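A.B. asks: Below are the C-alpha cells for one structure; questions will follow.
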Amino acid sequence: MKIIRISTRVVNARMRNWVFVKVETDEGVTGWGEASLEWKTRAVVGCVEDLAPLVLGEDPRRIEHLYQIMYRHSFFRMGVIGMSALSGIEQACWDIWGKSLGVPVYQLLGGAVRDSIRMYDHLGGGEMSALYLQDQPEQMADRARESIAAGYTAIKALVVPLTEPLDSMPALRHAERCMAAIRDAVGDDVDIMVDVHGRTTPAMAIQYGQALAPYRLYFFEEPCPAENVAGMAQVARALPGVPIAAGERLVTRFAFRELLERGACAVVQPDLCHCGGLWEARKIAAMAETYYVSIAPHNPLGPIATAANVQFGFATPNFLIQEAIRSDVPWRDEVVTTPVTVVDGHVGLPERPGLGIEVNEAEAARHPFEQETLMQTYHRDHSVADW
C-alpha cells in the first residue's frame, strides 16, 4: 500500500477553521486526520503541502518511519504550525491502517484498557460567547446547569478575568464569585476545572489558586504562559492541594520532559492535533506515567480530533478525562457521517474501523474558509492582554 495523494479540506466553524487532512492510497483506502490551529489556517495548509512530497509513495502503515521522515528530513525542527500539519497526516495514516485491517485504532495501540471514556463539557457546550464573553456569575451558573442537564458530571470554566501581571482585590473577588455561583449551581458531586488560559504571571496565578482552592478544583489549567516551565513549577509548589494541568501549547515529548522533571503539573494536556499525533501522544503519556502524572488531552477542535482522542483514551492507562466541544456551531455533526456519540457524559468503545469517522465532503464544502473571529484583548491602559 502506498500514499498517492495528500490534501486538505478547510471547514469554517466561526472561531476556528477546522483543517481536515485527507490521505489517499493506491489501494483505495482513504484516511482522515485533523490539523486545526486557530488563526494559523493558511500556514498549516501550506505546511501540509510542504510535508506531502516527503511521504508520497511511502507505506502509510509505517507510522513511526513516516513521523521520522517528516520531523527530521525537514531539518529545522518544527513549531506548532509544522507539528500540527504532521499530526493531521499522522492521524490519517492510523485511520488507513485500522480500515485496512477492519479494526478500530485503539486496538492497534495495544487494545482497550477501559470500557468507557469520561468526557467534560465547557460552559455553554463550547459556544464562543459562553466560553470567553459571558463572565458574570449568574450567566456561568446557568450555563453550568445546561451542561449537567445534558448528562455531564465534569465541566470547565474560565472564571479568571483578563488580568494584569499583578492585579487588585476586585479581580480575585470576581473569580471567586463566579466559582461560587458554579459550585452552588451544580453541587458537590460535579467536578469543576478552571482554565486560567495563561492569562497572568506565576505570582498572580498563585493568588487565584489560593482564592479558588476552597471550591475543590478538579484541576487548575495553564495558570501562566507555557514558555517558562520554572514559573509553572513555582505555581505547583505554592498550591499543594490544587492539581495543575498544562501542555496544550507544547509540541513533542521533548517539550514535556522538563514539565515532568520539574514537577510542574499533575495532569499533562498534549493536543493530538499539535503535539505530533497519536503515537507521539502515547510517548508523552508513557513518560508522564513514570512520574504518576495523568493525561487529559486538550481538544477544543473539530469532530475528527474528538474521534482520534477517544481512540487514544481507550488505549492509554493513565488517561484521566477528555475535553470536547459539542455546540460551537449547530451543524458540527453534519460535516461527518459518523460523529462520536456522548451519552450521560461518556463515550463507549468504538466499533467502526480506523478512527471510526468519515467526512461528508459535500456538507463540509458548504462551510468554506473564512477569517476566524479574532480574539484581540487589551488591558485597561490598552496594553495587549493574553485572552
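Read-outs throughout are calculated quantities, based only on the coordinates presented, and are distinct from any laboratory measurement. All figures in this text were calculated on a predicted structure; none of them were measured in a lab. Neighbour counts are summed over all protein chains in view; Cβ atoms, including those assigned to glycine, are modelled from backbone coordinates with ideal geometry.
A.B. asks: Could you grab the relative contact order for the chain? Cα pairs under 8 Å, six or more apart, rounded to a whole percent.
C.D. replies: Contact order relative to length: 21 percent.
A.B. asks: Do me a favour and compute the ellipsoid semi-axes for segment 184-243 from its Cα gyration tensor, root of five times each eigenvalue, largest one first, whole Å. Intermediate values should be presented prior to the final figure.
C.D. replies: Values: eigenvalues 93, 24, 17 Å².
Semi-axis lengths for segment 184-243 are 22, 11, 9 Å.
A.B. asks: With runs of 4+ DSSP H residues as the only contributors, calculate the mean residue ellipticity of the chain at 222 nm using -39,500 (n - 2.57) per run, divided by the residue total and rounded to the nearest 500. Intermediate results must be reported in sequence, preceding the final value.
C.D. replies: Working: 12 runs with 142 residues, N = 387.
Using -39500 (n - 2.57) per qualifying helix, the result is -11500 deg cm²/dmol.
A.B. asks: Which FRET efficiency, nearest 0.05, do Lys2 and Glu363 yield, Cβ-Cβ r, R0 35 Å?
C.D. replies: In this case the efficiency is close to 0.75.
A.B. asks: Please give every one of the aspartates and glutamates within straight-line cross-link reach of Lys2, meaning a C-alpha to C-alpha distance under 15 Å, and leave out same-chain neighbours fewer than 8 residues apart.
C.D. replies: Here the aspartates and glutamates satisfying the reach criterion relative to Lys2 are Glu24, Asp26, Glu27, Glu58, Asp59, Glu90, Asp95.
A.B. asks: Moving on. Mind computing the radius of gyration and Dmax over the alpha-carbon atoms of the chain? Å is fine for both.
C.D. replies: In order Rg, Dmax, the Cα atoms of the chain give 20.2, 64 Å.
A.B. asks: Computed over the Cα atoms, what is the radius of gyration of segment 288-327 divided by 2.2 N^0.38 Å, N being its residue count?
C.D. replies: Segment 288-327 yields a ratio of 1.21.
A.B. asks: For segment 256-346, what relative contact order do you get, as a whole percent, if you take Cα pairs closer than 8 Å and at least 6 residues apart?
C.D. replies: This gives 26 percent for segment 256-346.
A.B. asks: Right, here's the next one. For segment 3-102, what is the convex hull volume of its Cα atoms per residue in Å³?
C.D. replies: 83
A.B. asks: To the nearest 10 degrees, how steeply does helix 229-238 sit against the main Cα axis of the chain, on a 0 to 90 scale?
C.D. replies: The angle comes out at about 40 degrees.
A.B. asks: Let me ask something else about it. If one computes the Cα centroid of segment 280-343 and of segment 91-119, what distance in Å separates the two points?
C.D. replies: Between the Cα centre of segment 280-343 and that of segment 91-119, the gap is 12 Å.
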